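For reference, the structure discussed in these notes is given below.
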Amino acid sequence: LAQRISSINSVAALCEATGADVREVARAIGSDSRIGSKFLQAGPGFGGSCFQKDILNLVYLCRHFGLPDVANYWESVVQLNSWQQHRIARTVVQKLFGTVTGKRLAVLGFAFKADTNDTREAPAIRIAKDLLEEGAQLAIHDPKVDSEQIARDLKLPASTAPDSESGPTRAALSGEGTWWPSDDIASALKGADAVLILTEWNQYRELDWSALASLMRQPAWVFDARSVVTPAEIHAAGLNLWRVGEGQP
């Protein structure tokens, strides 16, 4: 299952480079009964307590029994998963004119999947850490994950949410990355340069983007790593859109 996730994410990267749409590719691949459609949803990679631990156990056993090539193959599944998360963070930086230092980014979703508060190996952790290292100011919203857990995962205490009308914070001016929890989506997006959707919570599928766009700094971006938004609604709201596995026209 983990291998399928890393495989479709590698195809997603190729689709972005060639102008294709990974959802169409996945639909075609999944129609083959020998493959099936399960676990062919491109995204920010797998998380949770099992996949990485079990694959690394398999890698250890393969090396122990003198099968280095097999070990390298399975290890590459984990490496590609990390690569996908770093790639998403790099894409955000690239789209925001090569820097996120001092910029406000709203992160929607921190759990590794919807309907849980489990953040073990969550893709959002690595993506958020990369952006914090670049000096981003992150407003993080998740309906079930509390701020104490986010602080433990990021190994960084939360800061106080700044007033979007008071100008850059001292940390922003110094280039330090900071984050704070947001109890509601509107406050997370207020004054933001971009929003990243990293967990497929149903409430993120039902957002009124025409209303939310007016809260953001323009030109603003939506980075949809879970394919939950309707592109036409994003464009109608005057927002720029990046969707995982979708090539730019």
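The values are calculated or read from the model by the stated rules, or taken from the named source; none is laboratory data. Given the structure is predicted, the values throughout are model-derived calculations rather than measurements. Quick reminder, even Gly has a Cβ in these numbers, built from the backbone with ideal geometry, and neighbours come from all protein chains shown. What goes into the accessible areas is simple: the full protein's heavy atoms, side chains included, and nothing from ligands, DNA or RNA. Shrake-Rupley method; radii C 1.70, N 1.55, O 1.52, S 1.80 Å.
For the stretch 203-227, which residues satisfy the criterion of being within 19 Å of F110 (Cβ to Cβ) and polar (S, T, N, Q)?
Answer for the stretch 203-227, where residues must be within 19 Å of F110 (Cβ to Cβ) and polar (S, T, N, Q): Q203, S227.
Kindly indicate the residue of the stretch 198-229 that is touching a residue at least 60 places away in the same chain (Cβ under 8 Å) and in a helix (DSSP H, G or I) and also surrounded by the most Cβ atoms within 10 Å (Cβ to Cβ) among those meeting that condition.
Y204
Any residue that is open to solvent by 70 Å² or more (accessible area, probe 1.4 Å) and within 19 Å of V222 (Cα to Cα) - is there at least one of those in the stretch 138-147?
no
With under 27 Å from V70 (Cβ atoms), at pLDDT 95 or above and in contact with a Phe, Trp or Tyr (Cβ under 6 Å, 6 or more places away or on another chain) as the only criterion, which of G43, G47 stands out?
G47
Kindly provide the set of residues from the stretch 151-180 that are at pLDDT 90 or above and hydroxyl-bearing (S, T, Y), ordered by number.
Selection gives S159, T160, T178.
Between a residue in the stretch 9-31 that is assigned to a helix (DSSP H, G or I) and any residue that is open to solvent by 50 Å² or more (accessible area, probe 1.4 Å) and of a type in the set (S, T, Y), which pairs come within a Cβ distance under 7 Å, given they are 6 or more apart or on different chains?
Filtered contacts from the stretch 9-31: G30/S37.
Quick one: in the stretch 9-31, which of the residues that are surrounded by fewer than 12 Cβ atoms within 10 Å (Cβ to Cβ) and of a type in the set (A, V, I, L, M, F, W, C) is farthest from S82 (Cα to Cα)?
Going through the qualifying residues, I end up with A28.
Could you list all residues from the stretch 85-101 that are under 28 Å from E148 (Cβ atoms) and open to solvent by 30 Å² or more (accessible area, probe 1.4 Å)?
H86, T101, listed by residue number.
The rows are residues; the columns are (1) at pLDDT below 95; (2) closer than 20 Å to G247 by Cβ; (3) open to solvent by 10 Å² or more (accessible area, probe 1.4 Å); (4) out of contact with any Pro (no Cβ under 6 Å at 6 or more places or on another chain).
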| position | (1), (2), (3), (4) |
| --- | --- |
| F39 | yes, no, yes, yes |
| L56 | no, no, yes, yes |
| F65 | no, no, yes, yes |
| D69 | no, no, yes, yes |
| W83 | no, yes, yes, yes |
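Counting only residues that are in contact with a Pro (Cβ under 9 Å, 6 or more places away or on another chain) and not small (G, A, S), which one in the stretch 118-144 is farthest from N202 (Cα to Cα)?
Going through the qualifying residues, I end up with Q137.
Just a yes or no: is a residue in the stretch 230-237 open to solvent by less than 10 Å² (accessible area, probe 1.4 Å), under 22 Å from G45 (Cβ atoms) and not in a strand (DSSP E or B)?
So far as the stretch 230-237 goes, no, none of its residues is open to solvent by less than 10 Å² (accessible area, probe 1.4 Å), under 22 Å from G45 (Cβ atoms) and not in a strand (DSSP E or B).
Counting only residues that are at negative phi and free of Cβ contacts under 8 Å to residues at least 24 places away in the same chain, give me the helices (runs of 4 or more DSSP H) lying completely in the stretch 39-154 with at least 2 of them.
By residue number, 51-64, 68-95, 147-154.
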